[in-house]
Structure formats: structure tokens, C-alpha cells
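Asker: Mind looking over this structure? Questions follow.
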Amino acid sequence: MAYVVQIRCQSNESHLSLTTKSSQPIFNTTPAVIGLIALNVIIHLIRQVLPDQLAQIVVLLGGFSAPIFLATVLGAQEHFGFILALTPLTYAFLHGDFVHLAMNMAFLLAFGTAVERYLGWKRFLGLYLVCGIIAVVTSIALFFLTHEQTIIVGASGAISGLFGAVIRISRQRALVTMGIFIAMNLIMAFTGAPGMGEMRTIAWETHIGGFVAGYLLLPLFDYPADYYEEDETP
């Protein structure tokens, strides 16, 4: 789930502990997925120990805002231009609170493991990052229609892309699943989500954009392992 956050945001403290009875891994997952989960958790934990004002600055500079990003690439943003130009990547490593983080990491564990086993870790990471970027391109398109100024954080655009890739790989009721997924997000767009109040907390457009990107772009990453290797036979 991707959050749309206000400039002033507070995160509740929480503690996560995992125990095992043997040397077996807790989850039967893959290296890149473990690395992404660890990176997201570490970044969130660091934000928790920062002063509130500094933590808000991290969200402002690392979260994605369509108008701020457009101003940056067009040269109208004078300060922090290089950092703001990277927000189509950095927003996916920031989360609103521990619940937001836990939900996204659970879905990353489920969908990411399947996709990484299918593609390998390099192509998996490529697809993950591309889907995250295309997800915020969808947000830019929505901005031109609504002129809504938001700051988006969360990995769910990229994770929705992994879900789309899983649907493409499984080839089971793909169109039905796509329709249900898009319809659910459009319902959230027009009716809101429970407990939202007047603030839009779910970046539904990034879910749709990432999902469609993952489904359509999977074949570009699904090439044979030796595709780019030179033929060394005489």
C-alpha cells in the first residue's frame, strides 16, 4: 500500500522480534527480496530515531510529489534539485508507519519471492525499480487532471508491479484478476477507504500504474540467461 502523507507526519514506535527453533531460515525466500526488506526496515528504523523535524524533512525530500518533481526537472526548483530528481526511486523506500511498512513487506515477500525465482535477482531488481518509477508516472498524469498536491511514500507501486508479473507468469484468469484489482483501486479512488476522513491516504493510482507495468513489461525481462553472452565457439 502506498501512502499519501501530509507534511506533518508522526510515526508510532513499535518493536518487531522474530525467533526460530533451528538454523532453518524463517522464510523460504530469495536474496534480493531479503535485501529489499532489510533496506526498507533499516531506513524506517533510522527515521524513528531522528528528531521529528528532521524526519519530516526526510519525507519531504525523499517522498514523491508530482508538482515538486516537475518543477525540479524543468529547472524551476532551485534547492535540493539532485535529491528531488531521485524521488521516483527514493519514495519507495519510505513508509508512513510500522503498519504500512509491515503490510508492504509482507506483499513483497509473497510476490517478490516468486518473481525473483522466475527471473533471477538482477532482472527482478530491474523490474521492481522500473515498476516503481512507472507507478509515479501515473501519479504525474493524475496531477495534470486534478492538480492535487500530495507527497507519496511506500513501495506498493513497485510491489503491485510484482503482482502483475505474477499474474503474467501464472497465466491463470489473468484478465479477471486484473479487472478486479483495477476495480478495487478505482473504488478506493471514488469512495475512499475506511478511516480516511478528509485526507486521501492511499495512492491508488500508483497501484494501478505499477500493476499494469509489471504485467506488460515482464516479457522484456524474461529473456534467456545467456541472451547477452557472446558466442565463444570458433
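Asker: Return yes or no: is Ala165 buried (at least 21 other Cβ atoms within 10 Å of the Cβ) and under 16 Å from Tyr91 (Cα atoms)? Working first, answer last.
Answerer: On the way: buried (at least 21 other Cβ atoms within 10 Å of the Cβ): yes; under 16 Å from Tyr91 (Cα atoms): no.
The answer is no for Ala165.
Asker: Consider only pairs whose beta carbons are under 7 Å apart and that are at least six residues apart or on different chains; among these, list those whose first residue lies in the range 144-165 and is in a loop (DSSP other than H, G, I, E, B) and whose second residue is polar (S, T, N, Q).
Answerer: Matching pairs, first to second residue: Gln149/Ser65; Thr150/Ser65; Gly154/Asn104; Ala155/Asn40; Ala155/Asn104.
Asker: I'd like the full set of residues that are closer than 16 Å to Val137 by Cβ, buried (at least 17 other Cβ atoms within 10 Å of the Cβ), over 12 Å from the mean Cα position of the chain (by Cα) and in contact (Cβ under 8 Å) with a residue 60 or more places away in the chain, limited to the range 69-119.
Answerer: Phe69
Asker: Being in contact (Cβ under 8 Å) with a residue 60 or more places away in the chain and of a type in the set (D, E, K, R): is that true of Arg171 here?
Answerer: On the way: in contact (Cβ under 8 Å) with a residue 60 or more places away in the chain: no; of a type in the set (D, E, K, R): yes.
Spelling it out, it is not the case that Arg171 is in contact (Cβ under 8 Å) with a residue 60 or more places away in the chain and of a type in the set (D, E, K, R).
Asker: Any idea how many residues of the range 166-216 are assigned to a loop (DSSP other than H, G, I, E, B) and either modelled with pLDDT of 95 or more or within 20 Å of the chain's Cα centre (by Cα) (or both)? Break it down stepwise before answering.
Answerer: Going through the range 166-216, the residues assigned to a loop (DSSP other than H, G, I, E, B) turn out to be 171-173, 192-201, 203.
If we keep only those that are either modelled with pLDDT of 95 or more or within 20 Å of the chain's Cα centre (by Cα) (or both) as well, we get 193, 200-201, 203.
Counting residues in the range 166-216 that are assigned to a loop (DSSP other than H, G, I, E, B) and either modelled with pLDDT of 95 or more or within 20 Å of the chain's Cα centre (by Cα) (or both) gives 4.
Asker: Scanning for something in a helix (DSSP H, G or I), under 30 Å from Tyr118 (Cα atoms), hydrophobic (A, V, I, L, M, F, W, C) and modelled with pLDDT of 50 or more, does the range 10-33 turn up at least one residue? So that I can check it myself, show each step before the final result.
Answerer: At the first step, the residues of the range 10-33 found to be in a helix (DSSP H, G or I) are 31-33.
Next, from what is left, pick out any that are under 30 Å from Tyr118 (Cα atoms): 31-33.
Okay, now just the ones that are also hydrophobic (A, V, I, L, M, F, W, C), so 32-33.
Okay, now just the ones that are also modelled with pLDDT of 50 or more, so 32-33.
Checking the range 10-33: at least one residue is in a helix (DSSP H, G or I), under 30 Å from Tyr118 (Cα atoms), hydrophobic (A, V, I, L, M, F, W, C) and modelled with pLDDT of 50 or more.
The values are calculated or read from the model by the stated rules, or taken from the named source; none is laboratory data. For clarity, every value in this text was computed on a predicted model and none was experimentally measured. So basically every Cβ, Gly included, is an ideal-geometry build from the backbone, and we count neighbours across all protein chains shown.
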